Amino acid sequence: MTLGAEITTAQAGLHRFRYLVRGSTSGLRIPAPVNPERRHELWRHTCFEAFVMQPDGSYYEFNFSPSTQWALYRFDGYRRAMTEPSLPSAPRIDLAVIPDSLVLDATLDLQGLLDPAARSRPRVALAAVIEDSDGRLSYWALTHPAEKPDFHHPDGFIAALPDNDD
């Protein structure tokens with residue numbers, strides 16, 4: 001199995017996070033669709049994640065479940081001072097599953113969360129937790145900078161959030 005991810009922009013503040021799992025999907029445990037609402041502990045099952053760090057070291061954690069449930073957390077620094085900010089609107093989560101791939105698109109408005117006066121682009125870490133049919137979890141990321149998977153690790157923020165000019 002392989003995992004790919006990309007971020008695109010459609011208009012000011014609106015970003016799409018796309019995750020592509022290639023390989024047999026028959027052995028994966030994929031949560032069934034439910035009402036799209038905010039929910040905790042989505043990472044205990046198949047879940048796709050985006051971490052967006054501002055230049056001051058504060059960052060947001062977004063969780064997107066194939067069920068269309070989502071979560072958003074803000075940290076002042078590495079796993080420090082977690083809060084649950086509001087979003088202008090809930091993320092839109094779309095899922096497509098076929099025998100040899102799974103695609104999850106999460107589109108959300110980041111306006112009001114990120115500092116528009118920042119001189120550098122926010123850094124991004126993309127990750128996923130994949131649950132197999134036996135309940136085993138595997139942890140996927142652009143990079144694993146520590147010995148054990150730690151999606152919050154500052155050295156995991158290796159991509160830049162694109163702006164509308166990219």
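The values are calculated or read from the model by the stated rules, or taken from the named source; none is laboratory data. Note that this is a predicted model, so its numbers are computed, not measured. Because the Cβ atoms are built from the backbone with ideal geometry, glycine has one as well, and the counts that use them run over all protein chains shown. The protein model used for the area step is the full one, side chains on, heavy atoms only, and it has no ligands, DNA or RNA in it. Shrake-Rupley method; radii C 1.70, N 1.55, O 1.52, S 1.80 Å.
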Near pairs, Cβ below 6 angstrom, 6+ apart or cross-chain, from segment 1-14 (of a type outside the set (Lys, Arg)) to any residue that is open to solvent by 60 Å² or more (accessible area, probe 1.4 Å): THR2/ARG22; LEU3/TRP140; GLU6/ARG18; THR8/ARG16; THR9/ASN164; GLY13/GLN111
Count of residues meeting criterion [open to solvent by less than 40 Å² (accessible area, probe 1.4 Å) and in contact with an Asp or Glu (Cβ under 7 Å, 6 or more places away or on another chain)] in segment 127-154: 3
Every residue from segment 11-24 that is in a loop (DSSP other than H, G, I, E, B) and either within 18 Å of VAL124 (Cα to Cα) or open to solvent by 70 Å² or more (accessible area, probe 1.4 Å) (or both): ALA12, GLY13, SER24
Residue within segment 135-150 that is touching a residue at least 60 places away in the same chain (Cβ under 8 Å), more than 16 Å from the chain's Cα centre (by Cα) and over 16 Å from PHE48 (Cβ atoms) present: yes
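Residues are listed down the side, and each one gets a yes or a no for (1) at pLDDT 95 or above; (2) over 11 Å from the mean Cα position of the chain (by Cα); (3) of a type in the set (Phe, Trp, Tyr):
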position	(1), (2), (3)
MET53	yes, yes, no
MET82	yes, yes, no
ILE98	no, yes, no
VAL103	yes, yes, no
LEU113	no, yes, no
VAL124	yes, no, no
Failed item in (1) in a loop (DSSP other than H, G, I, E, B); (2) free of Cβ contacts under 8 Å to residues at least 24 places away in the same chain, with ALA96 passing the rest: (1)
Search result, residues across segment 131-166 that are closer than 30 Å to GLY13 by Cα and of a type in the set (S, T, N, Q): THR143, ASN164
Segment 50-66 residues that are open to solvent by 10 Å² or more (accessible area, probe 1.4 Å), paired with ones that are among the hydrophobic types (A, V, I, L, M, F, W, C) and modelled with pLDDT under 95 (beta carbon under 6 Å, 6 or more apart): PRO55/ALA118
Any hit, segment 25-45, residues being open to solvent by less than 10 Å² (accessible area, probe 1.4 Å), modelled with pLDDT of 95 or more and acidic (Asp, Glu): no
Within segment 74-83, tally of residues that are open to solvent by 20 Å² or more (accessible area, probe 1.4 Å) and either part of a strand (DSSP E or B) or in contact (Cβ under 8 Å) with a residue 40 or more places away in the chain (or both): 5
Condition met for ASP109 (open to solvent by 60 Å² or more (accessible area, probe 1.4 Å) and at pLDDT below 95): no
